[in-house]
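Sharing a structure with you now.
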Amino acid sequence: MTKTDLATTERGRTEPSSDATGRKPASTTAATAPAVDIFEDAGGITLLADMPGVARESLDVRLDGDSLAIEGEVSLPTSEGMRAIWAEVNVPRYRRTFTLSRELDASRIEANLKDGVLSLRIPKQAHAQPRRISVQAG
Amino acid sequence: MYDAMFYRPQGLLDQLSTLHQVLTRSLAADGAPDAIRSVAAGAYPGINVGRTASSLEVYAFAPGLDAASIDVTVERGVLKIAGERQASRPGQDTRIQAYAAERPQGRFSRAISLPDDVDTAKVQARYRDGVLHVSISLQETAQPQRIQVQ
């Protein structure tokens, strides 16, 4: 199990030039979009993504403004002189980008990668947590 | 409010891939025959097969499983991979809202018919990073050998 502190990633990275809209041009390498499950509970959002064959070192979770990108490269234990005779997975890279909404606290995202499943927990800002409003009678 | 979290732009490639699937199905009657155990594209788990001079290597892209619960059997020349993926939804709490549920779950099973030259007594299976790697040795007589010239 691995834990990535996204806050450091966010601050420590110098991004290449942005275009007029402020968004980075999409990477040109071919990639498939991993299947995801997204759940929301009172405290935040949980995102699960299937990324089989991606090791911890080749996983990249990037935060750029309100855009959250997950990307990973597949590395398989191959034998010498192997030639493929059947391939259903033929793009060795996963990539998908999500736009976060403002009440989510991007600086406290936690990431876990286990058995090829990436799990992200995106908590809500403290002030965005649900609060029950009592209704006054009268 | 959360549209952006599950909205997936339909790029040109997505449309092409849908078109490809539709065309493949409608042309299937005239095309090459299907393998008897073939499954629809995108079935879980995806399988890649490679071959070396001494072995057949099968990779099943099956993320999120418990290694001990994967059933790998070789019987009468058919390699079968089966297992069950637990639901990812955290509990039955009705306050939990699901926005995307694309990951397959439940029982799965896939079968591959092996070539005749494999040695089914020498099979190794490992599960790492969500990929099940089954390595099957080829029979000694099927492996390349150097002949000494007298």
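Read-outs: derived from the displayed coordinates by stated rules, not from any lab. Bear in mind that the values here come from a model prediction, so they are computed numbers and not experimental data. Neighbour counts are summed over all protein chains in view; Cβ atoms, including those assigned to glycine, are modelled from backbone coordinates with ideal geometry.
Would you order A:V61, A:V74 from fewest to most other beta-carbon atoms within 10 Å of each residue's own beta-carbon?
The order, fewest Cβ neighbours first, is A:V61, A:V74.
Here's another thing I want to ask about it. Counting other beta carbons within 10 Å of each residue's own, what order do B:S135, A:S101 fall into, fewest first? Spell out each step's value before the answer.
Details: B:S135 19, A:S101 15.
Ranked by crowding around the Cβ, least crowded first: A:S101, B:S135.
Something else now. Taking the Cβ-Cβ separation of A:R108 and B:S69 as r and a Förster radius of 41 Å, what is the calculated FRET efficiency to the nearest 0.05?
0.80
Post the alpha-carbon centroid distance, the stretch A:43-80 to the stretch A:81-112, in whole angstrom.
4 Å
How do B:T52, A:T46, A:T78 line up, fewest other C-beta atoms within 10 Å first?
A:T78, B:T52, A:T46
How high is the relative contact order of the stretch B:39-142, in percent, with contacts defined as C-alpha pairs under 8 Å that are six or more residues apart?
RCO, the stretch B:39-142: 32 percent.
Just to confirm a number: summing +1 for Lys and Arg and -1 for Asp and Glu over residues other than B:R107 whose beta-carbon lies under 15 angstrom from that of B:R107, what do you get?
+1
Within the stretch B:83-113, list the trypsin sites (Lys or Arg not before Pro) lying in a DSSP loop whose Cβ has at most 10 other Cβ atoms in a 10 Å radius. Walk me through the numbers on the way to the answer.
On the way: sites: B:R85, B:R95, B:R107, B:R110; in loops: B:R95.
Listed in order of number, the matching sites are B:R95.
A further question follows. If you line up the Cα atoms of the stretch B:39-142 on their principal axes, what length do they span on each, largest first, in Å?
Result, largest extent first: 62, 27, 23 Å.
For the stretch B:44-83 and the stretch B:89-150, what is the centre-to-centre distance using only Cα atoms, to the nearest Å?
Taking the Cα centre of the stretch B:89-150 as reference, the centre of the stretch B:44-83 is 1 Å away.
Give me, ordered by chain and number, the residues 5 or more places off A:G44 or on other chains with an amide H under 5 Å from its own placed amide H.
Those lying under 5 Å, H to H, from A:G44 are A:K124.
Using 1/(1 + (r/R0)^6) with R0 = 30 angstrom and r between the beta carbons of B:T141 and A:A84, what's the FRET efficiency to the nearest 0.05?
About 0.80, to the nearest 0.05.
Placing +1 on the Cβ of each Lys and Arg and -1 on the Cβ of each Asp and Glu in the stretch B:43-128, which of B:L65, B:I112, B:V78 has its Cα farthest towards the positive end of the resulting dipole?
B:L65
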